[in-house]
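Please read the structure below before turning to the comments.
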Amino acid sequence: MKKLLLSLMLIAQLGFAMADNKTPGMVVQAKYENIKMFMQPGTSTPIIETITIADRVELIRKWNSHWALVKVNDKVGYVVYSELTYLNAKPQPQTKVLANR
């Protein structure tokens, strides 16, 4: 009985530790202006926020093949996944090569 109780307590602690994950998700960007963020994964649910290209969008997780769970301006909601794009690394400055004649 003691082992069972101890095991349940350890599982509960592990669950709380995983739920308190403060690491940020991946930062992505809206492909277009005025993308709607919905309360649930569906267009018939209330709109929480309208996202612009300049907004910082944190991808929490991909919900399914059509929807993503995101965080914008401390609000969490669902966005159509195809309307998001991953941020590219900063382009490297190009150096000009002059031909010798």
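The values are calculated or read from the model by the stated rules, or taken from the named source; none is laboratory data. Being a predicted model, the structure only gives us computed values, none of them experimental. No Cβ is skipped: glycine too gets one built from the backbone with ideal geometry, and neighbour counts run over all protein chains shown.
Given the structure, is residue 43 in a loop (DSSP other than H, G, I, E, B), among the β-branched types (Val, Ile, Thr) and at pLDDT 90 or above? The answer is yes for residue 43. Filtered by the rule that a residue be under 8 Å from the mean Cα position of the chain (by Cα) and farther than 11 Å from residue 26 by Cβ, the stretch 49-70 gives a lone residue, 69. Is the stretch 11-29 home to any residue that is out of contact with any Leu (no Cβ under 6 Å at 6 or more places or on another chain), surrounded by 15 or more Cβ atoms within 10 Å (Cβ to Cβ) and either among the hydrophobic types (A, V, I, L, M, F, W, C) or at pLDDT below 90 (or both)? No: zero hits. For the stretch 65-82, enumerate the residues that are in contact with a Phe, Trp or Tyr (Cβ under 9 Å, 6 or more places away or on another chain) and surrounded by fewer than 20 Cβ atoms within 10 Å (Cβ to Cβ). 65, 66, 67, 69, 80, 81, listed by residue number. Screening the stretch 22-40 for residues that are hydrophobic (A, V, I, L, M, F, W, C), assigned to a strand (DSSP E or B) and free of Cβ contacts under 8 Å to residues at least 60 places away in the same chain and picking the one that is nearest to residue 86 (Cα to Cα) gives 28.
Conditions tested, residue by residue: (1) in contact with a strand residue (DSSP E or B) (Cβ under 6 Å, 6 or more places away or on another chain); (2) at pLDDT 90 or above; (3) in a strand (DSSP E or B).
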position	(1), (2), (3)
48	yes, yes, yes
61	yes, yes, yes
69	yes, yes, yes
76	no, yes, yes
79	yes, yes, yes
88	no, no, no
94	no, no, no
97	no, no, no
100	no, no, no
